[in-house]
Amino acid sequence: MQKLRALDGNEAGVKAAITNAKFDGKDGTKLTLRGIGRHARIDLVGMAGDGDVADRLRRAGGRIAQDMRDEAHPVSIVGAASDEAATVALGYSLGQYRFDRYKTVGKSVPSGQPATVIVGDVRGAESEWKSRGAALAEGVTLTRDLSTEPANVIYPESFVARVREAFAGVPGVKIEVLDEAAMRRLGMGTLAGVGQGSRRPPRLMLVEYRGGSGAPVALVGKGITFDSGGISIKPNSGMWEMKSDMAGAASTMGAVLSLAKSRANVNVLAVAALAENMPGGNAQRPGDVVRTYSGKTIEVMNTDAEGRLVLADANEYVIANHKPAALVNIATLTGAVGNALGYEYAGLLTRDPTLAAQITAAGKTTGEEVWQLPLHPNHLKTMKSDIADIKNSAEGGRPGASLGAAFIGFFVDPATPWAHLDIAGVNWADSSDDVTPKGASGWGVRILDEFVRNWKR
């Protein structure tokens, strides 16, 4: 970041261009100028309007990155106040993301074009960026990378290795990993069961950052590195997208990476319940009965309702061994949530009004918004089993998002504040917006980071 400077004496030309183009500077608008002075390109990004200023700043930075992603010119961003610079820089970092490591042709512009944000108070702006913004951008990038990688690259063991690499040398971090043998010994039949049809065995990964006091907030994510549906196999159309069925687990790791690298004054535990759901000769079958860590039994009616199975074991293990102050699940759990809420909101389901309010507030602050969906006692009744404690799906499957959450909540001690985020509608962007290029969105890192920093009971 550098001190503010003029446009090399070309202000009059810029003003004339603005007038001639009738550019009003409203939020979401943009004017591109070329051939003015020594500048190859000048982009004017509108900011005027109502609504959250931080959100507009983030989106403006992202819009600049999106517009410049195919040009190899140095980028300078002028116009943000010193106390706004880190927010603009975060938006730029999020917007410039691309995943092109497997492209061998057509890469004319290097990934990650740097930008200079020109402000008056350089020291203050840099301090804010380094204390939080840079770490948050790194956490989102990790999550997007993990979610975008193909399933032949990211599977339970390699997910663990990639996350270990990301946390190498980060102070205050402890990593625990359970392999399949350990899970079997502990009686974790649901997580092990989902993964038993694959040649790539399951894992339970726990990353704890201790930067504060008290019991940790636990973030427990679904980590199905590829979901074929198992014996209840999915249709072929769109199955490739199931490489990102571990986005929930990836977001927990990205959030804790952000918190740890920014030295946040919190205790937090990120958990990834990792398995590959495949229809192998040893795969679990519809009708099988499996047992969780606590000894509860589940009749498996549909092997494609596997995310809730891995979370059942993960939740029970975390509660018994880490006694969290609160527990938040995050998962690409149901297609139903996308049908209900589209691509603008994640589903929030919880029995705890205080937790609901805090997560909702974190979503509004970060631009990752949630909409609360109902949990009703009758939801569990529809999953009553004749031969086990519960079934993993109900006849008809409606309401899908609420049923999935109700099932997960069955394996959470009622004394533990608990919420579930269903991100199946927001984890992947079919087209780019200002801060989210097409592809894996990295949804969850920003809201979880904000929620944990401000968690109160």
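Within the group A161, A218, A166, which residue is within 25 Å of G442 (Cα to Cα), out of contact with any Lys or Arg (no Cβ under 9 Å at 6 or more places or on another chain), surrounded by 24 or more Cβ atoms within 10 Å (Cβ to Cβ) and among the small types (G, A, S)?
Result: A218 is the single residue among A161, A218, A166 that is within 25 Å of G442 (Cα to Cα), out of contact with any Lys or Arg (no Cβ under 9 Å at 6 or more places or on another chain), surrounded by 24 or more Cβ atoms within 10 Å (Cβ to Cβ) and among the small types (G, A, S).
Might you let me know whether region 104-113 holds any residue that is among the basic types (K, R) and either surrounded by fewer than 16 Cβ atoms within 10 Å (Cβ to Cβ) or in contact (Cβ under 8 Å) with a residue 40 or more places away in the chain (or both)?
Yes: region 104-113 contains one or more residues that are among the basic types (K, R) and either surrounded by fewer than 16 Cβ atoms within 10 Å (Cβ to Cβ) or in contact (Cβ under 8 Å) with a residue 40 or more places away in the chain (or both).
So S385 passes all but one of these: (1) buried (at least 16 other Cβ atoms within 10 Å of the Cβ); (2) hydroxyl-bearing (S, T, Y); (3) closer than 30 Å to A283 by Cβ. Which condition number does it fail?
For S385, the exception is condition (1).
If only one of L333, L380, L327 is farther than 26 Å from A255 by Cα and not assigned by TED's automatic domain parsing to the domain that holds L57, which one is it?
L380
Buried (at least 19 other Cβ atoms within 10 Å of the Cβ) and of a type in the set (S, T, N, Q): which single residue out of S213, S244 fits that description?
S244
Looking only at region 231-248, how many residues end up being farther than 20 Å from R203 by Cα and assigned to a helix (DSSP H, G or I)?
Going through region 231-248 one residue at a time, the tally reaches 3.
Can you find a residue in region 75-83 that is small (G, A, S), assigned to a loop (DSSP other than H, G, I, E, B) and buried (at least 20 other Cβ atoms within 10 Å of the Cβ)?
yes
Within region 293-307, restricting attention to residues that are within 23 Å of F226 (Cβ to Cβ) and polar (S, T, N, Q), which residue is surrounded by the most Cβ atoms within 10 Å (Cβ to Cβ)?
The residue in question is T303.
Restricting attention to region 374-381, does a residue exist that is of a type outside the set (S, T, Y), crowded, with 21+ Cβ neighbours inside 10 Å and modelled with pLDDT of 95 or more?
No, region 374-381 contains no residue that is of a type outside the set (S, T, Y), crowded, with 21+ Cβ neighbours inside 10 Å and modelled with pLDDT of 95 or more.
Suppose we filter region 185-206 for residues that are more than 15 Å from T297 (Cα to Cα), part of a helix (DSSP H, G or I) and more than 24 Å from the chain's Cα centre (by Cα); how many remain?
Result for region 185-206: 1.
How many residues are under 25 Å from S213 (Cβ atoms) and assigned to a strand (DSSP E or B) when one looks only at region 322-334?
Summing the residues that are under 25 Å from S213 (Cβ atoms) and assigned to a strand (DSSP E or B) in region 322-334 gives 5.
Restricting attention to region 447-455, does a residue exist that is crowded, with 18+ Cβ neighbours inside 10 Å, in contact with a helix residue (DSSP H, G or I) (Cβ under 9 Å, 6 or more places away or on another chain) and part of a loop (DSSP other than H, G, I, E, B)?
yes
Search region 308-340 for residues being of a type in the set (S, T, Y) and within 20 Å of the chain's Cα centre (by Cα), and hand back the single one that is surrounded by the fewest Cβ atoms within 10 Å (Cβ to Cβ).
Residue satisfying both the conditions and the ranking: T334.
Could you grab the pairs with beta carbons closer than 7 Å, sequence gap of 6+ or different chains, first residue in region 114-137 and assigned to a strand (DSSP E or B) and surrounded by fewer than 19 Cβ atoms within 10 Å (Cβ to Cβ), second one at pLDDT below 90 and basic (K, R)?
Listed by first residue and then by second, the contacts come to I118/R5.
Given G13, G51, G28, which one is more than 25 Å from D70 (Cα to Cα) and not in a helix (DSSP H, G or I)?
On inspection, the qualifying residue turns out to be G51.
Say whether the condition of being of a type outside the set (S, T, Y), closer than 26 Å to V310 by Cβ, touching a residue at least 60 places away in the same chain (Cβ under 8 Å) and part of a helix (DSSP H, G or I) is met by at least one residue in region 432-444.
Taking every residue of region 432-444 in turn, none turns out to be of a type outside the set (S, T, Y), closer than 26 Å to V310 by Cβ, touching a residue at least 60 places away in the same chain (Cβ under 8 Å) and part of a helix (DSSP H, G or I).
Among the listed residues D52, D27, which satisfies the condition of being touching a strand residue (DSSP E or B) at 6+ places or on another chain (Cβ under 9 Å) and either farther than 20 Å from A115 by Cβ or of a type in the set (S, T, Y) (or both)?
The unique qualifying residue is D27.
Kindly state which helices (runs of 4 or more DSSP H) lie completely within region 335-405 and contain at least 2 residues that are of a type in the set (A, V, I, L, M, F, W, C), within 17 Å of I423 (Cβ to Cβ) and in contact (Cβ under 8 Å) with a residue 24 or more places away in the chain.
Output list reads 335-341, 353-366.
Taking region 138-184 as the region of interest, how many residues are in a strand (DSSP E or B) and among the basic types (K, R)?
Count: 1.
I'd like the full set of residues that are closer than 30 Å to T297 by Cα and among the acidic types (D, E), limited to region 398-457.
D413, D422
Quick one: which of G112, G169 is of a type outside the set (D, E), on the phi > 0 side of the Ramachandran plot and modelled with pLDDT under 95?
Exactly one of G112, G169 is of a type outside the set (D, E), on the phi > 0 side of the Ramachandran plot and modelled with pLDDT under 95, namely G112.
Does K222 fit the bill of being part of a strand (DSSP E or B), basic (K, R), under 20 Å from the mean Cα position of the chain (by Cα) and at pLDDT 95 or above?
yes
The values are calculated or read from the model by the stated rules, or taken from the named source; none is laboratory data. Small disclaimer: the values here were computed from a predicted structure and weren't measured. A quick note on method: Cβ atoms are made from the backbone with ideal geometry, for glycine too, and the neighbour counts reach across all protein chains shown.
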